[in-house]
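Below you'll find the structure, written out as structure tokens, and then a few comments.
What follows is calculated from the coordinates using simple rules that are stated; it is not laboratory data. Treat the numbers as computed from the prediction; the structure is a model and nothing was measured. Every residue, glycine as well, gets a Cβ built from its backbone with ideal geometry; the counts of neighbours run over all protein chains shown.
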Amino acid sequence: MPEITIKKVEGRKVVAIGGQGPYDKVGPIFGELYTWLSKRGIESSEPPFGIYYDDPSKVAPEKCRYEICVPIMKETNGDERVKIKTIPEIEVACITHKGSYSQIGSAWNKICEWIDKEGYQWAGAGREVYLNCPETTPEEELLTEIQIPIRKKESY
């Protein structure tokens, strides 16, 4: 049973492509970002992640908003498609899902229930940090850390 923990995630500079559409169709954007970085001689400093702004159970898939991000250390300039931005430090609740991306919903449900039960509330968009590469890792061995920015619920 995956454990839920709370941790601080440091701020980081990223290259990012934002968009709108079904979350299960964002995979090729990671390749696009890595190709963009490779052409500029820039390496990624940490695992890539996606920031997912909408709940696909409440928002039509074609209207779901996302940002696909790859952390970098080197200075560079973006272009019309690829943006350079700094993601601020945040406190998150996190859980690690092992297995297929198509089965990640249960981990999202578990962490959402935990946040509510433990007296927290969302403080920003949820993220998925992809800890290994789907091109070189068997599907059942894929590791994805779900991070949800949190803050304590205010009591009145």
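Data table
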| read-out | value |
| --- | --- |
| Estimated [θ] at 222 nm from DSSP helical runs (n ≥ 4, -39500 (n - 2.57)) normalised by residues in the chain, nearest 500 | -5500 deg cm²/dmol |
| Length gained when the stretch N77-E10 is fully extended (0.36 nm per residue, less Cα-Cα span) | 21.9 nm |
| Reachable lysines from K98, criterion Cα separation under 24 angstrom, eight or more residues apart if same chain | K7, K8, K25, K110, K117 |
| Using θ = phi - 60° and Karplus 6.51 cos²θ - 1.76 cosθ + 1.60, couplings along the stretch 47-60 (whole Hz; Gly, Pro as x) | x, x, 8, x, 9, 10, 8, 10, 8, x, 7, 10, 10, 4 |
| Leading residue at positive end of dipole, the stretch 15-156 (Cβ point charges), from T137, P56, A107 | P56 |
| Approximate spin-label separation E135-K153, in nm, with each point projected 7 Å along Cα-to-Cβ | 4.4 nm |
| About the Cα centre, charge dipole magnitude for the chain (Lys/Arg +1, Asp/Glu -1 at Cβ), debye | 460 debye |
| By average C-beta atoms within 10 angstrom, highest first, the peptides 34-46, 9-21 | 9-21, 34-46 |
| FRET efficiency, 1/(1 + (r/R0)^6) with R0 30 Å, evaluated for E32 and S106 via beta carbons | 0.55 |
| Pairwise FRET efficiency - E91 versus K58, Cβ, R0 = 25 Å, nearest 0.05 | 0.55 |
| The chain: relative contact order in percent, alpha carbon pairs under 8 Å with at least 6 residues between | 30 percent |
| Table column - 3J(HN,Hα) (Hz), the stretch 105-113, Karplus curve with 6.51, -1.76, 1.60, x for Gly and Pro | x, 5, 5, 4, 4, 4, 5, 5, 4 |
